[in-house]
1. One residue is enough: does region 28-36 have a residue meeting the conditions modelled with pLDDT of 75 or more and either in contact with a helix residue (DSSP H, G or I) (Cβ under 6 Å, 6 or more places away or on another chain) or surrounded by 14 or more Cβ atoms within 10 Å (Cβ to Cβ) (or both)?
2. Which of the following residues is loosely packed, with under 12 Cβ neighbours inside 10 Å and either closer than 30 Å to residue 8 by Cβ or in contact with a helix residue (DSSP H, G or I) (Cβ under 8 Å, 6 or more places away or on another chain) (or both): 46, 106, 60, 144?
3. For residue 82, are the conditions met, namely being in a helix (DSSP H, G or I), modelled with pLDDT of 85 or more and more than 20 Å from residue 147 (Cβ to Cβ)?
4. Do we find that residue 21 is outside any helix (DSSP H, G or I), modelled with pLDDT under 75 and touching a helix residue (DSSP H, G or I) at 6+ places or on another chain (Cβ under 8 Å) in this structure?
5. Has region 53-72 got any residue that is assigned to a helix (DSSP H, G or I) and either at pLDDT below 85 or farther than 27 Å from residue 143 by Cα (or both)?
6. Just need a number here: residues in region 65-86 that are without any contact (Cβ under 8 Å) to a residue 60 or more places away in the chain and either surrounded by 15 or more Cβ atoms within 10 Å (Cβ to Cβ) or farther than 18 Å from residue 123 by Cβ (or both).
7. Any residue in region 123-142 that's more than 24 Å from residue 42 (Cβ to Cβ): show its pairings with residues that are part of a helix (DSSP H, G or I) and at pLDDT below 90 at Cβ separation under 8 Å, as long as the two are six or more apart or on different chains.
């Protein structure tokens with residue numbers, strides 16, 4: 001294998017590695033985005049749908065909690081995306097400088113370590129965003145469901161308020177005396 005062929009093989013391997021790292025972040029976020037978006041959309045749809053069936057405090061409280069949960073989630077995702085994008089761009093720029101060299105793998109490992117150090121700071125913040133948004137989101141959903149069930153239960157008529165049952169319809173046939181036993185059928189011979 002000539003040095004030119006070796007250099008071409010190194011470039012092809014390096015290009016494949018760079019493409020993998022460019023697509024990693026995009027592929028990983030798709031599932032989370034769909035599930036989270038559907039969850040918030042469903043909760044807000046439920047909140048809007050039963051707004052007239054719950055009291056004002058419940059409506060305002062659950063709406064505020066859902067909104068705070070969504071805002072906290074979106075802010076953290078924006079912060080995380082910014083830091084990841086910045087670190088990935090720095091990684092790609094560093095690696096691209098050494099794209100054609102034999103020490104590409106060493107430079108790639110060094111750049112990846114720098115990107116990991118940069119994103120670790122954001123990852124340490126995650127519990128401070130994750131748990132409050134979960135508690136607010138699921139708590140407001142639970143509060144809304146309980147309020148909805150209580151509203152349904154209290155809107156059902158009370159047993160004392162129900163109208164009396166109608167009297168049974170008379171049975172067709174001759175009247176039967178309660179004091180005289182019915183006549184025995186005639187014996188046939």
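The values are calculated or read from the model by the stated rules, or taken from the named source; none is laboratory data. What you are looking at is a predicted structure, and each value in this text was computed from that prediction instead of being measured. Please note: Cβ atoms are built from the backbone with ideal geometry, for glycine as well, and neighbour counts cover all protein chains shown.
1. Yes, there is a match, as at least one residue in region 28-36 is modelled with pLDDT of 75 or more and either in contact with a helix residue (DSSP H, G or I) (Cβ under 6 Å, 6 or more places away or on another chain) or surrounded by 14 or more Cβ atoms within 10 Å (Cβ to Cβ) (or both).
2. Values: 46 fails: loosely packed, with under 12 Cβ neighbours inside 10 Å; 60 fails: either closer than 30 Å to residue 8 by Cβ or in contact with a helix residue (DSSP H, G or I) (Cβ under 8 Å, 6 or more places away or on another chain) (or both); 144 fails: loosely packed, with under 12 Cβ neighbours inside 10 Å.
Criteria check complete, one pass: 106.
3. On the way: in a helix (DSSP H, G or I): yes; modelled with pLDDT of 85 or more: yes; more than 20 Å from residue 147 (Cβ to Cβ): yes.
Taking the combined requirement at face value, the residue satisfies it.
4. Details: outside any helix (DSSP H, G or I): no; modelled with pLDDT under 75: yes; touching a helix residue (DSSP H, G or I) at 6+ places or on another chain (Cβ under 8 Å): yes.
No.
5. Residues of region 53-72 assigned to a helix (DSSP H, G or I): 53, 56-72.
Next, from what is left, pick out any that are either at pLDDT below 85 or farther than 27 Å from residue 143 by Cα (or both): 53.
Yes, region 53-72 contains at least one residue that is assigned to a helix (DSSP H, G or I) and either at pLDDT below 85 or farther than 27 Å from residue 143 by Cα (or both).
6. 7
7. Pairs found: 125/76; 125/79.
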